[in-house]
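Working notes, beginning with the structure itself.
The values are calculated or read from the model by the stated rules, or taken from the named source; none is laboratory data. Values in this document were obtained by computation on a predicted structure and should not be read as measured data. Because the Cβ atoms are built from the backbone with ideal geometry, glycine has one as well, and the counts that use them run over all protein chains shown.
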Amino acid sequence: MATTTRRRTVELPEHPDFLWTARVTPKKVYDVIIIGGGGHGLSTAYYLAKNHGITNIAVLEKGWLAGGNMARNTTVIRSNYLWDESAGIYEHSLKLWENLEEEVGYEMFFSQRGVMSLAHSVSDLRAKARNYHANKINDIDSEWLTPEQVKEIAPIVNINPDVRYPVLGATYQPRGGIAKHDWVAWGYAKAAADMGVDIIQGCEVTGFDIRDGKVHGVKTNLGPIAAQKVGMVAAGHSSVLANLAGFDIPIQSRPLQALVSELLEQVHNTVIMSGMVHVYVSQAHKGELVMGAGTDAFNSYAQRGGFHVIEHQLAAAIELFPIFERAHLLRTWGGIVDISPDASPIIGHTPVDNLFINTGWGTGGFKATPASGWTMAHTIATGEPHELNAPFSLDRFVTGHLIDEHGAAGVAH
Amino acid sequence: MLHIPCPYCGPRDETEFHYGAGANIFYPEPSSATDEEWSKFVFIRENPKGWHAERWVHSAGCRRWFNVWRNTITHEFGPTYKPFTEQPKRPA
């Protein structure tokens with residue numbers, strides 16, 4: 001392994017050699033099958049092995065490892081959510097991030113460069129102030145910034161009051177930041193594989209073996225595989241899987257686009273989000289400006305969206321960061337995100353015994369990768385949710401105990 | 001950008017429209033619906049990989065709602081139909 005510094009580096013180390021055994025043929029029987037070899041599926045397998053001693057696990061990935069949303073997100077990490085339930089699980093996640101590289105023994109370029117969320121109107125200011133105070137009550141680091149303080153931390157932000165959406169203030173979480181998504185996946189995959197987990201790529205689940213309301217295994221393009229317990233961790237494809245298992249979930253799959261600029265000198269040393277003008281920006285280790293915005297409006301599985309959405313976010317970005325005006329767009333892409341009605345995840349039981357679900361992370365799942373796996377592993381291993389994910393049950397849409405993070409998260413997530 | 005076939009105005013750019021999610025969602029009987037039925041009405045929408053019957057409103061045009069089949073893999077549009085009229089068959 002190369003550098004271990006947490007400072008940003010311009011040159012990344014060489015890509016590593018194979019980190020896990022490329023098993024092509026799955027075994028006939030496993031204790032646990034995890035459907036989905038993205039960040040959350042891999043972290044679930046890792047914590048099942050590490051925290052619960054269950055190592056006879058297969059992670060089934062229909063494409064290639066971490067090639068879905070794990071390869072398509074903008075890697076923002078923060079925990080400053082509004083509601084206690086969200087603060088609980090996301091703060092647990094951030095604490096896990098803070099020791100993750102040492103724990104799994106693998107560099108992930110976790111960089112706590114801070115996350116700033118801008119306010120542009122009186123109502124926006126009030127919502128942000130409410131969020132700031134809620135964070136304080138939950139012992140989550142949070143600072144309130146005036147426009148001048150915003151400028152001190154991020155000199156390239158335009159705080160001129162004479163624009164359509166002036167910067168009136170901001171919340172700031174210094175412990176927030178970014179990590180290198182593919183290295184996070186590789187770290188979890190390597191650590192899980194070292195403990196005996198089988199990672200099987202090119203293996204698509206096409207059905208379930210369900211008898212008397214209980215799951216006994218899955219059908220795949222590589223044949224049937226039996227398991228005592230099955231966890232669905234399939235993000236944008238969760239509805240497809242749930243329907244194969246015979247139930248409905250309150251999820252809509254939508255494209256979420258992101259983009260990067262060409263490589264530039266380091267000019268932007270924090271993460272800035274603006275829910276109101278619909279853009280968030282960080283600068284990657286190599287120098288690309290990484291930007292995201294809101295989802296496209298319609299349901300889709302096509303991993304692409306409309307260019308007018310990109311145009312909208314770039315217009316916002318240029319008003320906030322005038323020096324971006326002459327930057328060239330290098331690449332855009334889309335991922336299919338799993339949007340739940342209250343913008344909060346679903347982690348827990350399904351109507352089928354021994355079949356568990358982890359979905360609904362929508363536009364903000366990357367930051368939750370550690371805690372999502374931690375709580376999902378607990379739920380699968382013990383058969384009961386961890387106290388951190390108990391509020392995020394599927395049945396909250398019947399009981400009405402929603403965890404409404406639309407207001408707190410804005411569009412940027 | 002999608003090119004959406006408004007049944008009243010013809011094909012127009014997506015930016016003239018707003019999306020209204022799944023079509024053919026009917027209000028439950030308020031006096032007798034169970035919590036599960038309310039939950040289904042409020043929160044559960046089809047999310048198929050393939051053809052999807054959905055609503056759009058031509059907000060920057062004729063301002064009328066309509067239903068249409070659209071493929072969520074290819075973004076291809078199928079037949080449109082007006083609200084409360086018979087749904088055309090799911091395209092093959």
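Looking at residue B:55 and the list (1) over 27 Å from residue A:400 (Cα atoms); (2) at pLDDT 95 or above; (3) touching a strand residue (DSSP E or B) at 6+ places or on another chain (Cβ under 9 Å), which single condition is not satisfied?
(1)
Listed here are the residues, each with its yes/no results for (1) in a loop (DSSP other than H, G, I, E, B); (2) more than 25 Å from the chain's Cα centre (by Cα); (3) outside the structural domain of residue A:370 (by the TED database).
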site: A:200; (1), (2), (3): no, no, no
site: A:203; (1), (2), (3): yes, no, no
site: A:215; (1), (2), (3): no, yes, no
site: A:223; (1), (2), (3): yes, yes, no
site: A:238; (1), (2), (3): no, no, no
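Collect the residues in the stretch A:308-346 that are crowded, with 16+ Cβ neighbours inside 10 Å and part of a loop (DSSP other than H, G, I, E, B), keeping them in residue-number order.
Within the stretch A:308-346, A:321, A:327, A:340, A:341, A:342, A:343, A:344, A:345 qualify.
I'm checking my understanding of the structure. Among residues of the stretch A:275-291 that are in contact with a Gly (Cβ under 8 Å, 6 or more places away or on another chain) and assigned to a strand (DSSP E or B), which one is farthest from residue A:171 (Cα to Cα)? Spell out how you get there, then give the answer.
First, pick out the residues of the stretch A:275-291 that are in contact with a Gly (Cβ under 8 Å, 6 or more places away or on another chain): A:275-276, A:278-280.
Within this subset, residues satisfying the condition of being assigned to a strand (DSSP E or B) are A:279-280.
Details: A:279: 16, A:280: 14 Å.
Selected residue: A:279.
Applying the selection to the stretch A:352-407, what residues are on the phi > 0 side of the Ramachandran plot and of a type in the set (Gly, Ala, Ser)?
Once the filter is applied, which keeps residues that are on the phi > 0 side of the Ramachandran plot and of a type in the set (Gly, Ala, Ser), the stretch A:352-407 yields A:360, A:362, A:383, A:400.
Out of everything in the stretch A:133-185 that is more than 21 Å from residue A:109 (Cα to Cα), small (Gly, Ala, Ser) and touching a Leu at 6+ places or on another chain (Cβ under 9 Å), what residue ends up being surrounded by the most Cβ atoms within 10 Å (Cβ to Cβ)?
Residue satisfying both the conditions and the ranking: A:170.
Select from the stretch A:258-301 the residues that are at pLDDT 95 or above and within 14 Å of chain B (Cβ to nearest Cβ) and list them in ascending order.
Within the stretch A:258-301, A:298, A:299, A:300, A:301 meet the criteria.
Based on what the data block shows, is residue A:204 closer than 30 Å to residue A:156 by Cβ, of a type in the set (Asp, Glu) and surrounded by fewer than 20 Cβ atoms within 10 Å (Cβ to Cβ)?
On the way: closer than 30 Å to residue A:156 by Cβ: no; of a type in the set (Asp, Glu): yes; surrounded by fewer than 20 Cβ atoms within 10 Å (Cβ to Cβ): yes.
Against the criterion (closer than 30 Å to residue A:156 by Cβ, of a type in the set (Asp, Glu) and surrounded by fewer than 20 Cβ atoms within 10 Å (Cβ to Cβ)), residue A:204 does not qualify.
So, of the residues in the stretch A:279-315 that are of a type in the set (D, E, K, R) and out of contact with any helix residue (DSSP H, G or I) (no Cβ under 7 Å at 6 or more places or on another chain), which turns out to be farthest from residue B:71 (Cα to Cα)? Full working, then the answer.
The first filter runs over the stretch A:279-315 and keeps only residues of a type in the set (D, E, K, R), leaving A:286, A:288, A:296, A:304, A:311.
With out of contact with any helix residue (DSSP H, G or I) (no Cβ under 7 Å at 6 or more places or on another chain) added as a condition, the list becomes A:286, A:288, A:304, A:311.
Details: A:286: 38, A:288: 34, A:304: 14, A:311: 25 Å.
Of everything passing the filter in the stretch A:279-315, A:286 is farthest from residue B:71 (Cα to Cα).
In the stretch A:53-151, which strands (runs of 3 or more DSSP E) lie fully inside it and hold 2 or more residues that are among the hydrophobic types (A, V, I, L, M, F, W, C), within 29 Å of residue A:200 (Cβ to Cβ) and at pLDDT 95 or above?
A:57-61
Which residue pairs have Cβ atoms under 7 Å apart, sit 6 or more places apart or on different chains, and have a first residue in the stretch A:62-86 that is within 24 Å of residue A:222 (Cα to Cα) and a second that is assigned to a loop (DSSP other than H, G, I, E, B) and of a type in the set (A, V, I, L, M, F, W, C)?
Listed pairs, sorted by first residue: A:62/A:203.
Counting only residues that are of a type in the set (S, T, N, Q) and surrounded by fewer than 21 Cβ atoms within 10 Å (Cβ to Cβ), which one in the stretch A:216-257 is farthest from the other protein chains (Cβ to nearest Cβ)?
Filtering the stretch A:216-257 for residues that are of a type in the set (S, T, N, Q) and surrounded by fewer than 21 Cβ atoms within 10 Å (Cβ to Cβ), the one farthest from the other protein chains (Cβ to nearest Cβ) comes out as A:228.
Checking residue A:364 against (1) assigned to a helix (DSSP H, G or I); (2) out of contact with any strand residue (DSSP E or B) (no Cβ under 7 Å at 6 or more places or on another chain), which test does it fail?
(1)
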